[in-house]
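Taking it in order: structure first as structure tokens, then the write-up.
The values are calculated or read from the model by the stated rules, or taken from the named source; none is laboratory data. Being a predicted model, the structure only gives us computed values, none of them experimental. Every residue, glycine as well, gets a Cβ built from its backbone with ideal geometry; the counts of neighbours run over all protein chains shown.
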Amino acid sequence: MSPDPAHAPEGARHLSPARVLDLDPLLDDPQTRIIVCCGSGGVGKTTTAAALGLRAAERGRKVVVLTIDPARRLAQSMGIDSLDNTPRRVKGIDGEGELHAMMLDMKRTFDEIVEAHADPGRAAAILSNPFYQSLSAGFAGTQEYMAMEKLGQLRARHEWDLIVVDTPPSRSALDFLDAPKRLGSFLDGKLIRVLLAPAKVGGRAGMKFLNVGMSMMTGALGKLLGGQLLKDVQTFVAAMDSMFGGFRTRADATYKLLQAPGTAFLVVAAPERDALREAAYFVERLAAEDMPLAGLVLNRVHGSGAFRLSAERALAAAENLEEPRIVDQGGGKAGLRNSPDTYDSSESPASDPPAAPDEGSPTVTDDGSPADPDSERSVDQLTAGLLRLHAERMQLLAREQRTRDRFTALHPEVAVAEVAALPGDVHDLAGLRDIGDRLAANRPELPDGEVRVSDGGA
Amino acid sequence: MSRLQVVSGKGGTGKTTVAAALALALATEGKRTLLVEVEGRQGIAQLFETEALPYEERKIAVAPGGGEVHALAIDPELALLDYLQMFYKMGSAGRALKKLGAIDFATTIAPGLRDVLLTGKACEAVRRKDRSGRFVYDYVVMDAPPTGRITRFLNVNDEVAGLAKVGPIHNQAQAVMRVLKSPETAVHLVSLLEEMPVQETADGIAELRAARLPVGRVIVNMVRPGVLDAADLEFVRTVPRTDIARSLSAAGLGGARRGQNAEKLVNPLLAQAEEYAERYLLEHEQRSALGELGLPLHELPLLAEGMDLAGLYELANELRKQGIA
């Protein structure tokens, strides 16, 4: 039933296809050590990360997937619904490889850094500081730092040969890239010294003038924040002082790790205007930061097995079926209902090929098997519905193609892997495996829609 | 009707679109609304097809009946300097703090201050009055952070008020919280008829309720038109393929014999119907899950031609018809 590939008039309508993103070689390459999935919210980033991790594992690699905020059932499907901030081995993996998965617990990650880098007394002081408690419990920004910190930790353990990272659903999707830098500029800043100033009063005489200026500053800060909070902040900063060097070093190291040749960024999007606009922004930002972009994963792409029947034509045919039955067409005229086989000009004019017996039931017979007018009407109504459904699908296809073409025009250099839309969500490893197959299927153009549509019912 | 309408939702559900349509609907018949963006993505400017919004309230649309929609994209850094100047007469200190990197610290790193500034600015707009004592804006609509962060975002002032136990920030945080927890505020959640957004909506509502924040309505966005109904879907499973081929042929789509064009359409069309049936079932389940939340439930249609300015007015009209505005 698949359309003849030699006739693919729809294909000509597309811009020259973007480069195809071949994911299996990327997953198989031992040089690939980190894959970062980024993209705006709601495009299937986490699912993509999990599916890639599973596929790489089943192709023999030892993989860990770091997810930030997975949907509950997705987490359950990988057995990581308990938050313990440690990678857990996922059961049910085929083959030699291993899949481990973890969900980021940012407070725990932060606490662990403190515990690892401060002596016990100082660590206790920091952990009980109210300012610290708020900071670590997940205010804007913390998640990004901690995701990067965790990535650095996992990489440093040398236990896995591939780390797949999901990124936080940030307001600005690239916050996680900015996080190390921002931390760095803060730690380098004068503010730290101001905050530390009271603790250092009574230093050398030469510092006195500076200290006057600084205590004015702390006065202003105190007025703004309230004395207690300022004191909490100061205690926190003082307690953390010894750790800042380490923070800084690690932030810089993580940033460099992201630029290293073993890292591959995948921008994830859906064929919708906003998601692709964000994706274009990502592509530009990654280039500006010298981050290695592997390509774009385009999720939820629709296809149709009947793509040569246009929306307009389908709608016209549907109206045709719904209206003209006013004139009574009695039984025995079914043969007249058979229209000439000419709707598709790319097809050789139909010289009625002999009707091969179809599963034992012949198609329309010329003697016209008498049909009950009522049931005929309801078949027509149903067929009209099917045609309307098809018209809707074709409109969706056209819309997706337009948004996609716009992206391709702007960024023809970006390789694209398309993933056919699934009707439901993914709940288990089989579902993830299916997504992995689709990711690697490597057929970006739509005329193979037949395959996708029938797969779509899975 | 609450004067501060907060619109949240899972990423990808179209909360910015719904917020904009709501602002437009509320402005109808001579009202003034302010549409506030807090995430710095310039989504509002794109929707209204205007250039990027500065940190300044400006008129971006007129509503039927002489209403006006104004928009503001809040920049946390400028908002902080604003505050320092307006409330504490700390203009010069503000500049000095900026030089130190304190403003950057406050708006990007310090716990929650950024969120305090964003909610604070929105509440200020809600309470602002002109010389004659009338409210400057009849309604303020906020395009808020996604469901996963909304409770923390709105509740941040409580947390900050607990951290900063005295001083202007403490007072400010408390004042903001009084507005947010009052009937003056309603938090709406945008969802889709899909499993993950519905689950997130349910979780979000539970969190909002636990924090005693006023939950408003659930708005299901991008609802696809029902093309086939349950009876059709039942029928499609049993109908002989040859009947459909014949019907397609009667509609002028080619021959009904095997290998002819109408007949070749049957399988792909039935495959699409099968997908539709699966989605139909899922949507039905999700609709009843949303129904169990015990909140007013509204549906907005998927616009076949994609989202544009005309579509925005269409959705605003739909919201009015459903009595939301």
Report whether or not A:A116 is farther than 16 Å from A:D166 by Cα, touching a residue at least 60 places away in the same chain (Cβ under 8 Å) and more than 32 Å from the chain's Cα centre (by Cα).
no
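Yes/no per residue for (1) part of a helix (DSSP H, G or I); (2) modelled with pLDDT under 95:
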residue: B:P197; (1), (2): yes, yes
residue: B:I205; (1), (2): yes, no
residue: B:L208; (1), (2): yes, no
residue: B:L228; (1), (2): no, yes
residue: B:A231; (1), (2): yes, yes
residue: B:R237; (1), (2): yes, yes
residue: B:A256; (1), (2): no, yes
residue: B:L270; (1), (2): yes, no
residue: B:L282; (1), (2): yes, yes
Might you check whether a residue that is away from chain A (no Cβ under 13 Å), more than 21 Å from B:A202 (Cα to Cα) and part of a helix (DSSP H, G or I) occurs anywhere in the stretch B:299-310?
yes
Residues in the stretch A:38-66 that are outside any helix (DSSP H, G or I) and under 25 Å from A:R285 (Cα atoms): how many?
9
Looking at the stretch B:298-309, is at least one residue more than 28 Å from A:R313 (Cα to Cα), touching a Leu at 6+ places or on another chain (Cβ under 9 Å) and modelled with pLDDT of 95 or more?
yes
Filter the stretch A:110-130 down to the residues that are assigned to a helix (DSSP H, G or I) and of a type in the set (D, E), then identify the one that is surrounded by the fewest Cβ atoms within 10 Å (Cβ to Cβ).
A:E115
Taking A:A264 as meeting all but one of (1) closer than 23 Å to B:R41 by Cα; (2) part of a strand (DSSP E or B), write down the number of the exception.
(1)
Residue set B:E278, B:E314, B:E263; condition on the phi < 0 side of the Ramachandran plot, assigned to a helix (DSSP H, G or I), at the interface with chain A (Cβ under 8 Å from one of its Cβ atoms) and surrounded by fewer than 20 Cβ atoms within 10 Å (Cβ to Cβ); output residue B:E278
If we keep only residues of the stretch A:395-428 that are touching a residue at least 40 places away in the same chain (Cβ under 8 Å) and of a type in the set (G, A, S), then the residue nearest to B:L302 (Cα to Cα) is A:A398
Is it true that A:L432 is buried (at least 21 other Cβ atoms within 10 Å of the Cβ) and modelled with pLDDT under 90?
no
Scan the stretch B:13-31 and tell me whether some residue there is in a loop (DSSP other than H, G, I, E, B), within 15 Å of the chain's Cα centre (by Cα) and of a type outside the set (A, V, I, L, M).
yes
Those residues of the stretch B:18-49 which are surrounded by 24 or more Cβ atoms within 10 Å (Cβ to Cβ) and hydroxyl-bearing (S, T, Y) amount to B:T33
Among the residues of the stretch B:198-212, are any acidic (D, E), within 7 Å of another protein chain (Cβ to nearest Cβ) and out of contact with any strand residue (DSSP E or B) (no Cβ under 7 Å at 6 or more places or on another chain)?
no
Among the candidates A:A270, A:A275, A:A280, A:A287, which residue alone is modelled with pLDDT of 85 or more and surrounded by fewer than 17 Cβ atoms within 10 Å (Cβ to Cβ)?
A:A287
Would you be able to say whether some residue in the stretch A:42-64 is of a type in the set (A, V, I, L, M, F, W, C), farther than 18 Å from A:R438 by Cα and within 14 Å of another protein chain (Cβ to nearest Cβ)?
no
List the pairs whose first member sits in the stretch A:157-172 and is within 14 Å of another protein chain (Cβ to nearest Cβ) and under 16 Å from A:A75 (Cβ atoms), whose second member is assigned to a loop (DSSP other than H, G, I, E, B) and at pLDDT below 95, and whose Cβ atoms are under 6 Å apart, counting only residues at least 6 apart or on separate chains?
A:D166/A:I68; A:P168/A:I68; A:P169/A:G41; A:P169/B:G11
